[in-house]
Amino acid sequence: MSDGLQGDEFTAATCYKSRSGQMFFGGTNGFNAFYPNEVRDKSYIPPVLITDFQIFSQSVRPGAESVLTAPITETERIRLSNSHDVFSFEFASLHYASPGKNQYAYMMEGFDKDWIHSGTRRFATYTNLDPGEYVFRARGSNSDGIWNEAGTALRLTILPAWWETPWFRAMLLLLGVSGVFGAFRWRIRAVHRQNQQLEVLVNERTGALRKSERNLSRAYAIAGLGSFHHNLLTQDFIWSRELCQIAWLGNREQKLSLDEVRELVHPDDFIRIKEAFRKAEKDGGYAALDIRLTRPDGEMRYIHEQFEVISDENGKATEIFGTVQDISTRKQAEQELRQAKEAAEVANQAKSTFLANEP
């Protein structure tokens, strides 16, 4: 029996006391002998030791390539790699009166929240602990439940995998920062190249546009063409440089008021323009007519005007865009031709009269 008795049953009248005072009691499985003066209360606090350390259920022995450099009973710290996923501790309470009744408890500081009471089991196994620092503690009692509260302790370091180490994370952070910075620099260079290409394209387009404007301006000047924009909301006019040249206003684009335009247009033609505007607004937006521009000194020029009336989404007219062409030469030619025809008709009439009156 684990408590030292021959059994739980004793036979009546099978007792004996020797001359030395030793007492003998018989039972079904033998007898027990003891000195009464040696029977004491079991107040002894047993020491607790870690007696074995295992990795993957294999006991670890000290060695050059082992995690142990000394026997486990003399080891205060163990360093494990992240590959040591399963490891175990065996421990014992050094009280041998009734060792089968000794009680145990253990905990892994940094993992277990409280002590784990394992009864008479003196074995603890841990799996897949995170990298970090831990302390394994074990305590035990004697067979009468007297505990060694201090117990024993062993420090444990679980090393992280290389990809979990601070230097690797720092390297990742550095690579990340370098990548972001590199991407930023690349983006800046790409934007700079795009800006340069865009600047070249804009310069080319601007040059082409200016050339087109110059060519158009030459064409307008050769054809005697000008243009205008009339804002119906503000009653302002924008006359092109060519139109200003036709109207004796200089060699640049100008902004004119309605009164200034009224002074330049023949009064009768100004009325005709208003009628053409109303008709265009009603019938589809386009109109064309010949009008006269006059100066205070009486000089006059004829222009052919075409314009379009622009309306908003509510159908209200908001602006007018138009072109004008100087037709003074044509009008003068038409007038001279008409005068020549009239002179020819007068001459023919005079000839007919003379021939009719000849004797």
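Taken together, the values in this text are just the output of simple stated rules run on the coordinates, not laboratory data. Treat the numbers as computed from the prediction; the structure is a model and nothing was measured. Counting neighbours? That spans all protein chains shown, and the Cβs are built from the backbone with ideal geometry, glycine included.
Among P131, P46, P36, which one shows the biggest mean-square fluctuation in a GNM of the chain, springs joining Cα atoms closer than 10 Å?
P36
Kindly state, to the nearest 0.05, the FRET efficiency for D283 paired with Q339, given R0 = 35 Å and r defined as their beta-carbon distance.
0.45
Convert each backbone phi in the range 57-64 into a coupling constant with the Karplus relation 6.51 cos²θ - 1.76 cosθ + 1.60 (shift: θ = phi - 60°), then list the ³J(HN,Hα) values in order as whole Hz, x for Gly and Pro.
Working through the residues one at a time gives 6, 10, 4, 9, 9, x, x, 5 Hz.
Students often forget the sequence filter, so: which lysines lie under 26 Å Cα-Cα from K282 once same-chain residues fewer than 8 apart are removed?
Within the straight-line cut-off, K282 pairs with K274, K316.
For the chain, which semi-axes, largest first and in whole Å, follow from the square roots of 5 times the eigenvalues of its Cα gyration tensor?
Square roots of five times the eigenvalues give 131, 24, 15 Å.
Using DSSP H assignments, which helices in the chain have an axial alpha-carbon span of 30 Å or above and a mean Kyte-Doolittle hydropathy of -0.5 or higher?
For the chain, where a helix must reach 30 Å along its axis and average at least -0.5, the hits are 166-223.
Restricting the count to DSSP beta bridges whose residues both fall in the chain, what percent are antiparallel, rounded to a multiple of 5?
Within the chain, antiparallel bridges account for around 95 percent of the total.
Can you return the aspartates and glutamates within cross-link range of K255? Criterion is Cα-Cα under 17 Å, with same-chain partners fewer than 8 residues away left out.
D236, E242, E263, E319
Remind me, relative contact order of the chain in percent, using alpha carbon pairs under 8 angstrom and six or more residues apart?
Here the relative contact order equals 10 percent.
Compare the peptides 96-105, 296-305, 336-345 by average per-residue count of other Cβ atoms within 10 angstrom and give them in order, highest first.
So the peptides 96-105, 296-305, 336-345, ranked by packing, come out 96-105, 296-305, 336-345.
Given a cut-off of under 8 Å on Cα pairs at least six residues apart, what relative contact order in percent is computed for the range 44-198? Intermediate results must be reported in sequence, preceding the final value.
Details: 285 pairs, mean separation 38.0, N = 155.
The value is 25 percent.
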